[in-house]
Each structure stands twice: as C-alpha cells, then as structure tokens.
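**Q** Provided herewith is a single structure, encoded as structure tokens, for subsequent inquiry.
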Amino acid sequence: MALVAIIMTTISFVAIIRGLAGIAPAHANIRELAIVLHVATVLPAIPLGGYLLLARKGGPRHKSLGKVWIGLMLVTATCAIFIGRDFSWIHLFVPLTFWTSWKTIQTARARDLDGHRKEILGFYLGALTIPGIVAFAIPGRLMNVWLFW
C-alpha cells in the first residue's frame, strides 16, 4: 500500500509541476472548472489517503484527517459528474465513491474495525488507484499529456 501511495503521489505531482511550469503541452481541459476542481481535490487525497492507511489509527488526528479525506473524495466524485459531454465507464467510480464513503463512515461509527479496514482499502484502491492509472494511461487525457508529452 505504501508503494502505491508513493508512486501515485510522485507521478501526480510530477505531472502537475510539468503542466503548471509550461514544460508539458497546454491542454484545453484545464479551462474547465469541473476538471480544475477534480484535480485540485484528488491531488491531496492521494498522499493523505496513503498516510491514513499507514499511520496510527483511531486517534483524534486519524479521525479528523479521515473526515477531510472523505470530503476530498466526495468533492472529487461530484466534480467528475460534470466532466465530459457523455457518461463513460469511468463515471462508474462516482457512485462507487459515494457508496464507499457512506460504508466507510458507517463501519467507523459502528466500531467495526475489520469492516472499516476492508472498506477503506477497497476505497483507496478502487476509487483512487484504478481511475488514477486510467488518467495517466489513456493518451490525450490531461494527466497523460502533462506526464508523458
């Protein structure tokens, strides 16, 4: 899990630095508010989620940062609804994020630590890692252009 978090964080920040510094080609999507908000909320969610998975659990810091992480993920998913003209298979991660956010909170409140752990691992891998890989792998997408071109 640490390796996934480190790799995703590193490539995300390299892409952002390249894009904002003008090293990568300009991309028209950066003018769309939904995409800007989506990227602005998902970028801190990647390292924060990795930290929460690896750090000490159950204390006030974990609970506070967990709430921030869930909020970032919900804003990211909400913004994704407004990205693109048509819905595609990648938009399936939006209801997955809403559902898993609720399940993550529910299991934490019920003190179901095993259930919470399973939900959050699936959440991190399913709602961040898979769409993140897609964002970098598909030619023409903003993060692909900023990282590789």
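**Q** Can you tally the net charge around Ile11? Count Lys and Arg as +1, Asp and Glu as -1, for every other residue whose Cβ sits under 15 Å from the Cβ of Ile11.
**A** +2
**Q** In addition: Computed over the Cα atoms, what is the radius of gyration of the stretch 96-149 divided by 2.2 N^0.38 Å, N being its residue count?
**A** 1.49
**Q** Once the piece of chain linking Leu113 and Ala2 is laid out straight, how much longer is it, given 0.36 nm per residue of separation minus the C-alpha distance between them?
**A** On the way: separation 111, 0.36 × 111 = 39.96 nm, distance 2.00 nm.
Gain on stretching Leu113 to Ala2: 38.0 nm.
**Q** Accessible area of Lys67, 1.4 Å probe, to the nearest 10 Å²?
**A** The value for Lys67 is about 150 Å².
**Q** By how many nm would the segment from Phe148 to Ala34 grow when fully extended, if each residue of separation counts as 0.36 nm and the alpha-carbon distance is taken off?
**A** Gain in length upon complete extension: 38.8 nm.
**Q** Please report how far the C-alpha centroid of the stretch 19-77 lies from that of the stretch 89-123, rounded to the nearest whole angstrom.
**A** Taking the Cα centre of the stretch 89-123 as reference, the centre of the stretch 19-77 is 17 Å away.
**Q** So how much accessible area does Phe82 have, in Å² to the nearest 10, using a 1.4 Å probe?
**A** Counting only protein heavy atoms, the figure is 140 Å².
**Q** Now a separate question. So for the chain, taking the charge dipole from beta-carbon charges (+1 Lys/Arg, -1 Asp/Glu), which of Gly19, Gly122, Phe87 sits furthest toward the positive end?
**A** Gly122
**Q** Project the alpha carbons of the chain onto their principal axes and report the range along each, largest first, in whole Å.
**A** 48, 30, 21
**Q** Could you state the accessible area per residue of the chain in Å², with a 1.4 Å probe and every protein chain left in place?
**A** On a per-residue basis, 59 Å².
**Q** Let me ask something else about it. When the solvent-accessible surface of protein heavy atoms is calculated with a 1.4 angstrom probe, in what order do Glu119, Glu32 fall, highest first?
**A** Glu32, Glu119
**Q** Sticking with this structure for a sec: Express in Å², to the nearest 10, the accessible area of Thr78 obtained by rolling a 1.4 Å probe over the protein heavy atoms while all chains stay in place.
**A** Counting only protein heavy atoms, Thr78 exposes about 60 Å² to solvent.
**Q** Let me ask something else. Give the carbon-plus-sulfur fraction of the accessible surface of the stretch 6-74 in %, rounded to a whole number; probe 1.4 Å, heavy atoms of protein chains only.
**A** Roughly 72 percent, rounded to a whole number.
**Q** Under DSSP H, which helices of the chain have Cα atoms covering 27 Å or more of the helix axis and a Kyte-Doolittle average no less than 0.0?
**A** Qualifying helices: 2-21, 33-54, 60-81.
The values are calculated or read from the model by the stated rules, or taken from the named source; none is laboratory data. Treat the numbers as computed from the prediction; the structure is a model and nothing was measured. Cβ coordinates were reconstructed from backbone atoms using ideal geometry, including for glycine residues, and neighbour counts include every protein chain displayed. With ligands, DNA and RNA removed, areas are computed over all heavy atoms of the protein, side chains included. Shrake-Rupley method; radii C 1.70, N 1.55, O 1.52, S 1.80 Å.
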